[in-house]
1. P(r) of the chain in 20 Å steps, Cα pairs, percent per bin?
2. Excluding GLN344 itself, what net charge comes from residues whose Cβ is under 14 Å from its Cβ, given Lys and Arg +1 and Asp and Glu -1?
3. Which whole number in µm²/s is D for region 217-301 by Stokes-Einstein, with the Kirkwood Rh taken over Cα pairs at 37 °C and 0.692 mPa s?
4. When the Karplus curve 6.51 cos²θ - 1.76 cosθ + 1.60 is applied with θ = phi - 60°, which whole-Hz ³J(HN,Hα) does each residue of region 96-103 get, with x for Gly and Pro?
5. When the dipole is taken about the Cα centre of region 254-350, and only Lys, Arg (+1) and Asp, Glu (-1) are charged at their Cβ, what size is it in debye, to the nearest 20?
6. What whole-number value in cubic angstrom gives the convex hull volume per residue for the C-alpha atoms of region 254-350?
7. Quick one: the Cα spread of region 140-284 along its three principal axes, in angstroms, biggest first?
8. At 7 Å along Cα-to-Cβ for each site, give me the label-to-label distance between VAL59 and ARG349 in nm.
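Readers should treat all values here as calculations from the given coordinates under stated rules, not as data from a laboratory. Remember, it's a predicted structure, so these values are computed and weren't measured experimentally. Ideal geometry is used to build each Cβ from the backbone, glycine not excepted, and the neighbour counts take in all protein chains shown.
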Amino acid sequence: MRVAIVRVAVIVVSHGRTDWLERCLLSVARAVEIAKGSGANLNVKLRVMINGEDEPSFVRASEVCGHLEGIQADVVYRRIVTTPGNARNELLRNETAEWICFVDDDAFVPENYFVRWLLNDLASFAAIGGPNLTPPGATAFAEAAGLALSSQWATYLSFRRYRAMRQGSPASMRCGEESLILCNLFVRRTALGRDPFPSELSCGEENVMLERIAASGGHLSHDPGLVVFHERRGDPRAFMRQVFFYGRSRAYFGIQGSVRLRLAHLLPPLACGGLVGIPGVLLLPSGAIGLGLTGLLYLSLSVVAALSVCRSGRNRFGVLVRCVGLFPMIHFSYGAGFLAGGLQVARERMASPGYFGQNG
């Protein structure tokens, strides 16, 4: 019996990352070649959008796509920049492939990517994805950043987005939106509908889309062996900025009811708010001792968490020390972003017609 063709559209939105974009596209092409060579009846096309003025990326992407064999590809040049969510919505509007694969331009896939994906029972899921790992040969800071993000002490339920498959891990498992990430995600086209991504913010839009799919009865799955390699931010400032945006989007969409908020999401902003009260605490008789003990407890928990994820690798001690230092960066950047997202919602609501009885 002839196996039905599995049709997949790979969506990539890019700007200002010419070399990484080329690496991403070539890795997808190689993974398709390997899958077809293994007997998979796979039909893959590449949909690329250059989001904003970026002639070098458009030229390079067009050249790469023009030389691909066995893959339909097109490159859209959107000179007026828009949010990534809106860019993806535009690419999806006329797309009819059975499955949509989202990959970031600063990520690349291993050769067995589509082979691994096809091992899953695709009929059971509306969306399936896996972790994004630090690329081999990354700097010590990037390696530490990836390991810190893979710790539940840092990212709570989202740790699976960054954790490599460990011995005894199941092939795939049911999960919530917090375990999936847009740089490595397959979604059934019928589950997406029209314009599935919110366009207000440039981060966290997949959480809203996945929460809506789950709420409508669609099953989400995490496969720890379905990996991509994703560049980490190269310095503390860029890393903290990224985590800040994670916190902002969670608060913004959470307060509006588009995604769930849990107690763990509230702890970082509460800690940030607590910093304001430190001078007052120091005036108390045992304030300094209490703060010191709290700081010692936090450091101890951070060291234990770092030891649990920094088990091997080059320069293990250096990565371990960096990992310990990254935990407070993650917690306070996320907390500050969460507070900023809450303030943004408040400002938008106060500016809306009818607020404070403006229309009554």
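1. Result returned by the calculation: 27, 56, 16, 1, 0.
2. Numbers: positive: ARG248, ARG250, ARG347, ARG349; negative: GLU200, GLU348.
Counting the neighbours of GLN344, the net charge comes to +2.
3. Answer, rounded: 195 µm²/s.
4. 10, 4, 5, 10, 10, 10, 9, 9
5. Dipole about the Cα centre, nearest 20: 360 debye.
6. Spelled out: Cα convex hull of region 254-350, divided by residues, is 136 Å³.
7. The principal-axis extents, from largest down, are 59, 37, 27 Å.
8. 5.0 nm
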